[in-house]
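The values are calculated or read from the model by the stated rules, or taken from the named source; none is laboratory data. Since this is a predicted model, take the numbers as computed values, not measurements. Positions of Cβ are backbone-derived with ideal geometry, glycine not excepted, and every protein chain shown enters the neighbour counts.
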2 protein chains.
Amino acid sequence: MADIERRLRKLRALLRREKLDALIVSNEHNVRYLSGFTGDDSVLLVAREAAVLVTDSRYTEQAGKEVFPYGLEVVERKKSIAEALGVLVGKYGAAGVGFEGCNATVDFHKHLTDAMKRVALRPTMRLVEGLREIKDASEVKTVRRAVRAAEEGLRSTLPSIRPGVTEQDIAAELEYQMRKQGADASAFPIIVAGGERASLPHARPTKRRIRPGEAVLIDWGARLEFYNSDLTRVFFLGTIPSDWKKRYEIVLQAQRAALKVIRKGVMTKTVDRAARDVFKKRRLAKRFGHGLGHGVGLEVHEAPGVNRSSESKLKPGMIFTVEPGIYFPEWGGIRIEDMVLVKRTGVEVLTNFEKQFNQVVI
Amino acid sequence: MADIERRLRKLRALLRREKLDALIVSNEHNVRYLSGFTGDDSVLLVAREAAVLVTDSRYTEQAGKEVFPYGLEVVERKKSIAEALGVLVGKYGAAGVGFEGCNATVDFHKHLTDAMKRVALRPTMRLVEGLREIKDASEVKTVRRAVRAAEEGLRSTLPSIRPGVTEQDIAAELEYQMRKQGADASAFPIIVAGGERASLPHARPTKRRIRPGEAVLIDWGARLEFYNSDLTRVFFLGTIPSDWKKRYEIVLQAQRAALKVIRKGVMTKTVDRAARDVFKKRRLAKRFGHGLGHGVGLEVHEAPGVNRSSESKLKPGMIFTVEPGIYFPEWGGIRIEDMVLVKRTGVEVLTNFEKQFNQVVI
């Protein structure tokens with residue numbers, strides 16, 4: 001309870017700084033973060049003196065149960081969301097009203113403009129996303145549970161990663177095992193890519209059968225009470241060609257180099273560069289086409305970005321992935337992904353799953 | 001292959017009518033529909049003489065494999081999507097360019113404006129969504145498979161719907177069984193609501209254990225090759241109070257009344273009213289708080305809407321749900337949901353799963 005009150009207090013401080021009387025929060029993750037509401041299709045108005053969730057009849061009962069304990073109000077709309085917001089903005093006499101420019105569509109903005117004619121509507125830049133970058137204690141706890149559910153789920157799935165099973169079989173088993181470990185669902189569509197298919201960073205599982213002597217890349221995560229985890233491991237079935245082993249060790253080395261520089265105050269792009277430099281030395285820089293990582297929380301991909309062009313500084317409470325990878329069309333790909341938490345001093349790797357090359361399955 | 005060419009041809013006819021030289025397609029389902037690309041974070045530019053997918057390095061290899069067969073091009077962007085689009089719009093000399101007003105955010109629109117200064121940018125109203133309302137033969141085939149996977153998945157799950165198991169146990173088993181039946185995943189978070197929890201139309205599964213003498217509402221669907229199904233059934237465990245039985249029969253009657261009026265040329269709101277009138281006669285109109293149904297295809301909820309205020313006319317090739325439901329806080333809820341396909345003559349109910357009250361499990 002205290003968490004949500006603190007979040008609203010921080011947001012209101014930002015609104016004062018921006019000289020706004022109220023904010024229309026339309027991003028569903030932001031709505032959840034600020035209200036505790038777990039449904040969708042609903043918008044939150046945060047004014048100076050009140051926070052009101054605008055929802056529809058499907059959610060009225062649920063919304064009340066979820067947000068009343070935090071002192072929020074619920075309005076069941078009869079017409080459009082914009083019209084209901086127009087009435088509320090009038091009620092609270094808000095003259096300067098912000099909306100989320102990276103979430104509100106051009107159409108929604110037009111409806112808002114029509115519904116609140118005497119109001120100065122202004123796009124805001126990721127105000128709530130900025131707050132969400134720093135996880136509070138309850139969030140860290142839930143992310144830890146999402147990491148555990150993913151790891152234990154994969155551990156229970158390992159016995160079924162055998163030659164002859166399909167990528168889809170492995171994904172089905174992994175989803176089931178994560179749920180048995182307390183996950184509500186996969187955090188995102190599980191990637192299971194055998195052999196050369198791993199050269200596609202976002203391959204979706206097919207009916208292709210896993211063969212002896214090849215690698216299987218698994219990128220998976222659990223969603224648990226709306227928080228996510230995101231991990232990647234590569235498994236080797238039987239005798240492995242030496243080029244795989246060599247490249248695997250390079251990716252692991254790049255990841256270690258990145259983990260080593262993580263601490264508060266460091267620029268996120270410095271962390272990205274630490275890994276990138278390892279690939280550069282091996283003339284593999286072009287094979288590492290994506291960023292090193294991304295924040296994880298209510299969304300699987302959220303702030304901070306950890307890539308060449310990101311301008312954030314690490315702060316205690318940030319949780320993000322460290323996932324160097326190299327890809328070779330027709331050959332395959334290797335990625336190793338862990339999640340880390342920036343602490344007041346140093347960093348904690350939240351993931352425990354083994355990643356030495358020797359964890360070969362038969 | 002022919003499908004995608006036909007879709008692009010139809011879209012270009014709409015663009016000519018709208019006096020647009022090109023359309024920026026940012027909705028990922030629309031991108032998929034028009035290009036065959038199965039990734040995300042990518043935008044499609046449909047110009048008169050070319051269709052170009054703007055993607056990033058994670059997807060370049062995959063995008064080529066997926067869209068080259070249809071004659072589309074791929075651009076791997078180095079900077080922002082908007083900048084890459086600006087270059088392309090210049091290359092094709094497009095002066096009037098549409099974007100998707102119900103998908104493009106206010107921020108993205110601003111970036112587009114900055115990246116193409118001499119271009120007249122204009123929001124369009126659900127052009128591609130309009131095409132998607134009418135399913136072509138290959139889509140109908142895939143939706144049928146998604147319906148089958150959902151139904152067979154539930155059938156295999158039935159033996160585990162027993163007193164003592166939790167809502168989450170049932171959801172985990174159902175997800176697994178749907179995947180075993182060929183689904184890529186659940187179409188949406190499975191709803192399993194025991195007893196009074198069914199009064200929340202969008203309840204998410206909890207650790208609550210199913211008890212004898214109560215009802216369990218399951219709202220579930222399969223996603224299969226990006227197409228979805230969406231069904232609801234209510235199961236009764238053992239001896240059931242007569243009020244449940246009575247209300248169940250009323251919902252079934254409302255659904256039959258709606259199914260009876262479905263044929264091409266009928267207004268969707270007329271279908272909604274047919275069900276609503278049954279509830280009105282029983283003074284239950286207020287308990288049916290949502291619309292009767294919605295289109296299903298690449299998205300679980302898409303056009304046409306089937307509710308009091310929808311102004312569409314039924315056309316052959318439309319697929320939508322028919323899902324009357326009544327809800328009583330603290331008591332529970334009953335919803336029966338099937339999917340239908342409008343034919344040249346009459347209607348086909350795509351779902352086969354039994355819905356007579358007598359399908360009680362022990």
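Details
- The numbered conditions (1) more than 22 Å from A:Ser138 (Cα to Cα); (2) assigned to a loop (DSSP other than H, G, I, E, B); (3) without any contact (Cβ under 8 Å) to a residue 40 or more places away in the chain are all true for A:Lys19 except (3).
- Odd one out for B:Asp184, checked against (1) closer than 23 Å to B:Lys141 by Cα; (2) out of contact with any Lys or Arg (no Cβ under 7 Å at 6 or more places or on another chain); (3) touching a residue at least 40 places away in the same chain (Cβ under 8 Å); (4) not hydrophobic (A, V, I, L, M, F, W, C): (2)
- Scanning the range B:82-110 for residues that are touching an Asp or Glu at 6+ places or on another chain (Cβ under 8 Å) and either outside the structural domain of B:Arg7 (by TED's automatic domain parsing) or assigned to a helix (DSSP H, G or I) (or both) returns a single hit, B:Ala82.
Per-residue answers, yes or no, for (1) under 24 Å from A:Cys102 (Cα atoms); (2) not aliphatic (A, V, I, L, M):
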site	(1), (2)
B:Lys19	no, yes
B:Asp41	yes, yes
B:Thr60	no, yes
B:Val67	no, no
B:Glu76	yes, yes
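- Scanning the range A:105-132 for residues that are touching a residue at least 60 places away in the same chain (Cβ under 8 Å), crowded, with 19+ Cβ neighbours inside 10 Å and in contact with a Gly (Cβ under 7 Å, 6 or more places away or on another chain) turns up A:Thr124, A:Arg132.
- Any chance A:Asp230 is within 14 Å of chain B (Cβ to nearest Cβ) and either under 22 Å from B:Thr60 (Cα atoms) or crowded, with 24+ Cβ neighbours inside 10 Å (or both): no
- Hits in the range A:58-73 (condition: of a type outside the set (D, E, K, R), closer than 20 Å to B:Gly332 by Cβ and out of contact with any Asp or Glu (no Cβ under 6 Å at 6 or more places or on another chain)): A:Tyr59, A:Gln62, A:Ala63, A:Gly64
- Every condition in (1) assigned by TED's automatic domain parsing to the domain that holds B:Ala222; (2) assigned to a helix (DSSP H, G or I) holds for B:Thr113 except the one numbered (1).
- Only listed residue being over 23 Å from B:Arg208 (Cβ atoms) and assigned by TED's automatic domain parsing to the domain that holds B:Phe108, chosen from B:Arg126, B:Arg144: B:Arg126
- With respect to the stated conditions, A:Glu249 fails to be surrounded by fewer than 23 Cβ atoms within 10 Å (Cβ to Cβ), away from every other protein chain (no Cβ under 12 Å) and within 30 Å of B:Val165 (Cα to Cα).
- In the range B:63-72, of all residues being touching a helix residue (DSSP H, G or I) at 6+ places or on another chain (Cβ under 8 Å) and either surrounded by fewer than 20 Cβ atoms within 10 Å (Cβ to Cβ) or under 25 Å from A:Glu323 (Cα atoms) (or both), the one that is nearest to the other protein chains (Cβ to nearest Cβ) corresponds to B:Glu66.
- In the range B:205-227, the residues that are more than 13 Å from chain A (Cβ to nearest Cβ) and in a strand (DSSP E or B): B:Arg209, B:Ala215, B:Val216, B:Leu217, B:Ile218, B:Tyr227
- In the range B:22-40, residue surrounded by the fewest Cβ atoms within 10 Å (Cβ to Cβ) [restricted to those that are without any contact (Cβ under 8 Å) to a residue 40 or more places away in the chain and not in a helix (DSSP H, G or I)]: B:Asp40
- Here the range A:194-204 is the region considered, the condition is being within 11 Å of chain B (Cβ to nearest Cβ) and more than 19 Å from the chain's Cα centre (by Cα), and the residue that is modelled with the lowest pLDDT is A:Leu200.
- Annotation note: Cβ proximity below 6 Å between a residue of the range B:135-161 that is touching a residue at least 12 places away in the same chain (Cβ under 8 Å) and more than 21 Å from B:Ile191 (Cα to Cα) and a residue that is in a helix (DSSP H, G or I) and acidic (Asp, Glu) (sequence gap 6+ or interchain) occurs for B:Asp136/B:Asp3; B:Ser138/B:Asp3.
- So A:Leu8, is it crowded, with 16+ Cβ neighbours inside 10 Å, outside any loop (DSSP other than H, G, I, E, B) and away from chain B (no Cβ under 14 Å): yes
- Close pairs (8 angstrom Cβ cut-off, 6 or more residues apart or separate chains): assigned by TED's automatic domain parsing to the domain that holds A:Leu259 in the range A:297-320, crowded, with 21+ Cβ neighbours inside 10 Å and among the aromatic types (Phe, Trp, Tyr) anywhere: A:Gly297/A:Tyr227; A:Leu298/A:Tyr33; A:Leu298/A:Tyr227; A:Pro304/A:Phe320; A:Val306/A:Phe320
- Residues being assigned to a helix (DSSP H, G or I), within 8 Å of chain A (Cβ to nearest Cβ) and aliphatic (A, V, I, L, M) - total across the range B:172-188: 1
- Of residues in the range B:27-62 being within 10 Å of chain A (Cβ to nearest Cβ) and hydroxyl-bearing (Ser, Thr, Tyr), the one nearest to the chain's Cα centre (by Cα): B:Thr38
- Odd one out for B:Leu259 among (1) within 14 Å of chain A (Cβ to nearest Cβ); (2) farther than 30 Å from B:Glu330 by Cβ; (3) touching a residue at least 40 places away in the same chain (Cβ under 8 Å); (4) among the aliphatic types (A, V, I, L, M): (1)
- The range B:150-166: number of residues that are buried (at least 24 other Cβ atoms within 10 Å of the Cβ) and within 12 Å of chain A (Cβ to nearest Cβ): 1
- Residue-level analysis places B:Glu214 among those that are charged (D, E, K, R), at pLDDT below 95 and within 25 Å of A:Ala63 (Cα to Cα).
- Exclusive hit being of a type in the set (D, E, K, R) and in contact with a Gly (Cβ under 8 Å, 6 or more places away or on another chain), set B:Glu323, B:Glu348: B:Glu323
- Within the range B:50-64, one or more residues are in the same structural domain as B:Arg12 (by TED's automatic domain parsing), in contact (Cβ under 8 Å) with a residue 40 or more places away in the chain and touching a strand residue (DSSP E or B) at 6+ places or on another chain (Cβ under 7 Å).
- Summed over the range A:42-72, the residues that are under 19 Å from A:Glu83 (Cβ atoms) and either in a helix (DSSP H, G or I) or touching a Lys or Arg at 6+ places or on another chain (Cβ under 8 Å) (or both) give a count of 6.
- Members of the range B:78-104 found to be surrounded by fewer than 20 Cβ atoms within 10 Å (Cβ to Cβ) and within 14 Å of chain A (Cβ to nearest Cβ), listed by number: B:Lys78, B:Lys79, B:Ser80, B:Glu83, B:Gly101, B:Cys102
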